[in-house]
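Peer 1: Mind looking over this structure? Questions follow.
The values are calculated or read from the model by the stated rules, or taken from the named source; none is laboratory data. None of these values were measured; they are calculated from a predicted model. Cβ: placed from backbone, ideal geometry, glycine included. Neighbour counts: every protein chain shown. Calculation scope for accessible area: heavy atoms of the full protein, side chains included, ligands and nucleic acids excluded. Shrake-Rupley method; radii C 1.70, N 1.55, O 1.52, S 1.80 Å.
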Amino acid sequence: MLVSFGMITAFTSTLRETMPRQIRYRNLPQLFLRGREELLRHFRPIITHFGLTEQQWRILRAISENDQLEPREICEICQILSPSLTGVLTRMEDMGLVTRTRMEEDQRRLIIRLTPRAEQLVAEMVPLIVEQYRIIEAAYGPELIQALYEIMDRVIAAERAPIRQVELPVR
């Protein structure tokens, strides 16, 4: 049986109408993702112009702002899972963008640093990134941008405080 787009749309519309709306809260995590995408789409052309992925740019920016980082710190700052970071760092090392060095006092720990090539790349990108921020700020208004920074800082800080987790039913 062939299923047409119209049939799927009619089915989902009917389903939406018959399903009770049990969650009265808007999907906040989804809104954060949509907001992130809305902002990131303005930076993506700059990032790809320089042959980088978004993850690679986040890592370059984080290291350039901290001089050097351990992988666990990169994971935390850039919100990248550890298994993914290993592959990204390997590719970045192959591209000549980062070096991984074992710490003398603890050979189990690594330090990630930018290469001179990466430092030059960041230096070329920063003026464009800053200008894009200015354009975004002009479009949304400095008050809204400042409010977004303040709200995000509050949300992130609040996450560090204990928030009770709902009890899950036994399955």
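Peer 1: Does residue 40 qualify as being part of a loop (DSSP other than H, G, I, E, B) and closer than 20 Å to residue 131 by Cα?
Peer 2: No: the conditions fail for residue 40.
Peer 1: Scan the stretch 43-79 residue by residue and report those that are among the small types (Gly, Ala, Ser) and either under 18 Å from residue 130 (Cα atoms) or modelled with pLDDT under 95 (or both).
Peer 2: Answer for the stretch 43-79, where residues must be among the small types (Gly, Ala, Ser) and either under 18 Å from residue 130 (Cα atoms) or modelled with pLDDT under 95 (or both): 62, 64.
Peer 1: Counting only residues that are among the aliphatic types (A, V, I, L, M) and without any contact (Cβ under 8 Å) to a residue 24 or more places away in the chain, which one in the stretch 73-84 is most open to solvent (accessible area, probe 1.4 Å)?
Peer 2: 81
Peer 1: Need pairs with beta-carbon distance below 8 Å; first residue under 17 Å from residue 64 (Cα atoms) and of a type in the set (D, E, K, R) and within the stretch 95-114, second assigned to a strand (DSSP E or B) and open to solvent by less than 70 Å² (accessible area, probe 1.4 Å); sequence gap 6+ or separate chains.
Peer 2: Here the result reads 100/110; 100/111; 100/112; 113/98; 113/99; 113/101, each pair linking the stretch 95-114 to a residue that is assigned to a strand (DSSP E or B) and open to solvent by less than 70 Å² (accessible area, probe 1.4 Å).
Peer 1: Are any residues in the stretch 63-72 open to solvent by 60 Å² or more (accessible area, probe 1.4 Å), part of a helix (DSSP H, G or I) and closer than 18 Å to residue 101 by Cβ, and if so, which ones? Lay out the reasoning, then the answer.
Peer 2: Initially, the stretch 63-72 is screened for residues open to solvent by 60 Å² or more (accessible area, probe 1.4 Å), giving 65-68, 72.
Filter once more, keeping what is part of a helix (DSSP H, G or I): 65-66, 72.
If the condition is that a residue be open to solvent by 60 Å² or more (accessible area, probe 1.4 Å), part of a helix (DSSP H, G or I) and closer than 18 Å to residue 101 by Cβ, then 66, 72 are the ones that fit.
Peer 1: Let me ask something additional. Only one of 163, 135 is touching a residue at least 60 places away in the same chain (Cβ under 8 Å) and exposed (fewer than 13 other Cβ atoms within 10 Å of the Cβ); which?
Peer 2: Criteria check complete, one pass: 135.
Peer 1: Among what's in the stretch 88-131 and is assigned to a helix (DSSP H, G or I) and of a type in the set (S, T, N, Q), pick the residue that is nearest to the chain's Cα centre (by Cα).
Peer 2: Per the stated criteria, the residue is 90.
Peer 1: Looking only at the stretch 106-161, count every residue that is at positive phi and polar (S, T, N, Q) and tell me the total.
Peer 2: Qualifying residue count, the stretch 106-161: 0.
Peer 1: On to the next question. Name the residues in the stretch 47-62 that are open to solvent by 20 Å² or more (accessible area, probe 1.4 Å), part of a helix (DSSP H, G or I) and of a type in the set (Val, Ile, Thr), would you?
Peer 2: The answer is 48, and nothing else.
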